[in-house]
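Everything below concerns the one structure shown next.
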Amino acid sequence: MKISNKIIYIILTLSILIVGFTSDNDGKKNKLILDLMKQSLKIYHFEAHNFDNDFSEEVFKLYMEKLDYNKRFFLQSDINEFLAYKFKIDEAVNDDNFEFFNLTKETYFQRIKEVEKYFTAALKKPFNFNKEDFIETDPEKRKYAITKKELKENWETYIKYSVMTKIATKLEIQEKAIADNDTSVEIKTFKELEKKAREDVKKTYDDWFHRMTKTNEKDLLKMYFNSITAFYDPHTGYFPPKDKDNFDIHISGKLEGIGATLSQPNAYIKVERIVAGSACWKQGELEVGDLILKVAQGADEPVDVVDMRLDDAIKMIRGKKGTEVRLTVKKADGSIKIIPIVRDVVVLEETFAKSVVIQDSLTNHRIGYIYLPGFYADFEDKNGRRCSEDVKKEIEKLKDENIEGIIVDLRNNGGGSLSDAIDIVGLFIDEGPVVQVRSRFAMPQVLEDKHKGSLYDDDLVIMVNEFSASASEIMAAAIQDYGRGIIVGSKQTFGKGTVQRFIPFDRIARGNEDLKPLGALKLTIQKFYRINGGSTQLKGVASDIVLPDAYSKLDMGEKDLDNAIEWDEIPKAEYNRVISYDNIQNIKTKSLKRISADTSFTIIDEYSDYLKEAREKTLVSLNLDKYKQNQENREKVNKRFKNADLRKNGLNFYILKADSIETYSDTLKTEKVERWIKNLKKDIYLEESYKIILDMN
């Protein structure tokens, strides 16, 4: 979407304002960035906010969480001292005053030096793992230590927990080796294992504190700036030059490493997305929502990445093709797992739209299936691939196969090109509005499919889940509003109904060449609305037919993020529903009956309750026997769920005739397609979607 002339005018005006400011400032880069940021937020953000007491209070909270989320460093007396500025941050921002920031910075560095002694002392002698001690693993339930003695005791607890998990893992390896008569594993006494575990933990924390000493003012300044931007919404943030470069690498699609999108909402590095075709996608064990605790280069000692800077952790995870990285991750249920991944270059073909024909053995009905992992578009190359053109080709090939319906899979599709989403909807409708967009400076704009005529008119199912976001939600909402198809999947999609754009500070801060590069600000400038008038923000798109989902009861969507922009609605666009399924209630009833009778879906529904319960149990025993028993119980539940989730669905999948020559003449492509079909055969959600489209017929 192009930026309007009015916005361009504002940017140019902002450039002039900044020149006036920088001629009088003291030359400090952080003041320049702050001034650029606050003016951009005030003028350019979708929602107007005042720098007032509410702003100060929220920024204070966010900043404290970013600085010491786990409450490992600050004392309550430190927080009390900081509280004097709780309602003065607005004044500090307006006056380019960094007094509060400097105070937190100095205290932070001082506490890091002090606590380093605590973990060293704690590891000098063996721990008693027979006592009934506990550790609170949820930082939000912890309190800041009152005294340095209490802080020291807290660190002893953290270290004891780290040593215990190491011992438990080593014991599990030994027990399995004994059971399998595996003589390659050296069997050690508990005393030897405990000592080795303490040595491993000491090395891990030595490395971690060494990296912590590398933390500088710029790192903390980024936290401070992003606490200010996070007041506006969770998708607005300051990107230092290095971070902006990483972002550009990501959106280019040219990735070398494991192929996962990572975030750091707090102290933990979280897996946000698995890139289709990437190394971790092929390996299959890393999942969205996993928390990365440690990173090891092959068989080397793992490095703790909790509380580590995200860019530093990414450097460790990235690497040359063919090398191995081992990730220690915490799963949604709290279990710990080591995942080895051989790095690779993402094969771009795997991220493009593709299709197969589905047929069951009983009825022989033929249904087309299109997998669309993202709304991709190569904006730099006019001859580059676009998802709308690819989906069009897939539909044309499927029509030649005499299919009776089409399933479009948007699960885990985080969005992308808005124009392509509109064009794809246009393949299924004659013409008309697809989505509405509202800016802060203008009335809502209706974006339409202007290509008269549809490419495909028969039955349509759109598959979604909690991670279908942005452009995926636009497509699903339009199909639902027109009554053009049935939405099948999670209770609702992610709920991201906003548009972000980058403002490059180097461009608008004319002059000041000695201070550049300055980075960029990504901020929310627009909001999406369905053609029925409702926003996709927070509420997402509710499925017409809801299928049990393992993550349905966890906090996973936009609504669970701090300061998410509110839902609202505008007048609906003029459009006419094109299809009305008179038997929709009958279709729902049949689906519910099948789901209720399906043991796999029953287990998945039970597992979602288990995950919610497991996540709420944050108090962990430091008694080794009880900890091991708890881990064994979790492993049994996980195994039961995995067996249910991986049963074959009874469907047959066929490569399209138009693709067969190209596919089977290349062994690598053949292998990829066969692996893909193997996974499709275990997709019980696809099986139910197939049956739903038959019921529609």
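The values are calculated or read from the model by the stated rules, or taken from the named source; none is laboratory data. Just so it is clear, the model here is predicted, and its values are computed rather than measured. Heads up, the Cβs are rebuilt from the backbone with ideal geometry, glycines too, and the neighbour counts pull from every protein chain shown.
Could you list all residues from segment 425-451 that are of a type in the set (Val, Ile, Thr), out of contact with any Leu (no Cβ under 8 Å at 6 or more places or on another chain) and not in a loop (DSSP other than H, G, I, E, B)?
In the first step, residues of segment 425-451 are kept if they are of a type in the set (Val, Ile, Thr); the result is 425, 429, 434-435, 437, 446.
If we keep only those that are out of contact with any Leu (no Cβ under 8 Å at 6 or more places or on another chain) as well, we get 425, 429, 446.
Listed by number, the residues that qualify are Val425, Val446.
Given the criterion more than 24 Å from Asp555 (Cα to Cα) and within 28 Å of the chain's Cα centre (by Cα), identify the matching residue among Arg594, Arg647. Working first, answer last.
Numbers: Arg594 fails: within 28 Å of the chain's Cα centre (by Cα).
On inspection, the qualifying residue turns out to be Arg647.
Against the condition crowded, with 22+ Cβ neighbours inside 10 Å, in contact (Cβ under 8 Å) with a residue 12 or more places away in the chain and part of a helix (DSSP H, G or I), how does Ala477 come out, does it pass? Give the steps one after another, and end with the answer.
Working: crowded, with 22+ Cβ neighbours inside 10 Å: yes; in contact (Cβ under 8 Å) with a residue 12 or more places away in the chain: yes; part of a helix (DSSP H, G or I): yes.
When the stated conditions are applied, Ala477 passes them.
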Of (1) more than 30 Å from Asp400 (Cβ to Cβ); (2) surrounded by fewer than 24 Cβ atoms within 10 Å (Cβ to Cβ); (3) in contact with an Asp or Glu (Cβ under 7 Å, 6 or more places away or on another chain), Met443 satisfies all except one. Which? (3)
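Every residue in segment 538-566 that is without any contact (Cβ under 8 Å) to a residue 60 or more places away in the chain and either of a type in the set (Phe, Trp, Tyr) or more than 30 Å from Ile228 (Cβ to Cβ) (or both), please. Spell out how you get there, then give the answer.
Let us first name the residues in segment 538-566 that are without any contact (Cβ under 8 Å) to a residue 60 or more places away in the chain, namely 538-539, 542, 546, 553, 555, 560, 566.
Answer for segment 538-566, where residues must be without any contact (Cβ under 8 Å) to a residue 60 or more places away in the chain and either of a type in the set (Phe, Trp, Tyr) or more than 30 Å from Ile228 (Cβ to Cβ) (or both): Ala542, Val546, Lys553.
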If you take the residues in segment 381-395 that are over 18 Å from Leu418 (Cβ atoms) and modelled with pLDDT of 90 or more, which one is surrounded by the fewest Cβ atoms within 10 Å (Cβ to Cβ)? Lys393
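Could you list all residues from segment 677-688 that are in contact (Cβ under 8 Å) with a residue 40 or more places away in the chain and over 15 Å from Ile604 (Cβ atoms)?
We begin by selecting, within segment 677-688, every residue in contact (Cβ under 8 Å) with a residue 40 or more places away in the chain; these are 677, 680, 684-686, 688.
Hits for segment 677-688 are Ile677, Leu680.
Pick out the one residue from Thr157, Thr137 that is under 18 Å from Asp625 (Cα atoms), under 35 Å from the mean Cα position of the chain (by Cα) and of a type in the set (S, T, N, Q). Outline the logic, then answer.
On the way: Thr137 fails: under 18 Å from Asp625 (Cα atoms).
None of the others qualify; the one that does is Thr157.
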Considering residues of segment 164-192 that are without any contact (Cβ under 8 Å) to a residue 12 or more places away in the chain, of a type in the set (Gly, Ala, Ser) and out of contact with any Ser or Thr (no Cβ under 9 Å at 6 or more places or on another chain) only, the residue surrounded by the fewest Cβ atoms within 10 Å (Cβ to Cβ): Ser184
Among the residues of segment 82-141, how many are in a helix (DSSP H, G or I), without any contact (Cβ under 8 Å) to a residue 60 or more places away in the chain and polar (S, T, N, Q)? 4
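Just to be sure, is Val435 of a type outside the set (S, T, N, Q) and in contact (Cβ under 8 Å) with a residue 40 or more places away in the chain?
Details: of a type outside the set (S, T, N, Q): yes; in contact (Cβ under 8 Å) with a residue 40 or more places away in the chain: yes.
Against the criterion (of a type outside the set (S, T, N, Q) and in contact (Cβ under 8 Å) with a residue 40 or more places away in the chain), Val435 qualifies.
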Can you find, within segment 537-567, the residue that is farthest from Lys588 (Cα to Cα) among those that are within 18 Å of the chain's Cα centre (by Cα) and of a type in the set (S, T, N, Q)? Asn563
Inside segment 288-314, the number of residues satisfying the requirement of being in contact (Cβ under 8 Å) with a residue 60 or more places away in the chain and in a strand (DSSP E or B) is 3
Cβ-Cβ distance below 6 Å, separation of 6 or more or different chains: which pairs start in segment 583-600 with a residue that is closer than 14 Å to Val488 by Cα and end on one that is of a type in the set (A, V, I, L, M, F, W, C) and part of a helix (DSSP H, G or I)? Ser591/Ile692; Ile595/Phe601
Tell me whether segment 642-664 contains one or more residues that are touching a helix residue (DSSP H, G or I) at 6+ places or on another chain (Cβ under 6 Å), assigned to a helix (DSSP H, G or I), modelled with pLDDT of 90 or more and of a type outside the set (Ser, Thr, Tyr). yes
Can you tell me which residue is farthest from Ser417 (Cα to Cα) among those in segment 351-370 that are free of Cβ contacts under 8 Å to residues at least 40 places away in the same chain and out of contact with any helix residue (DSSP H, G or I) (no Cβ under 7 Å at 6 or more places or on another chain)? Leu362
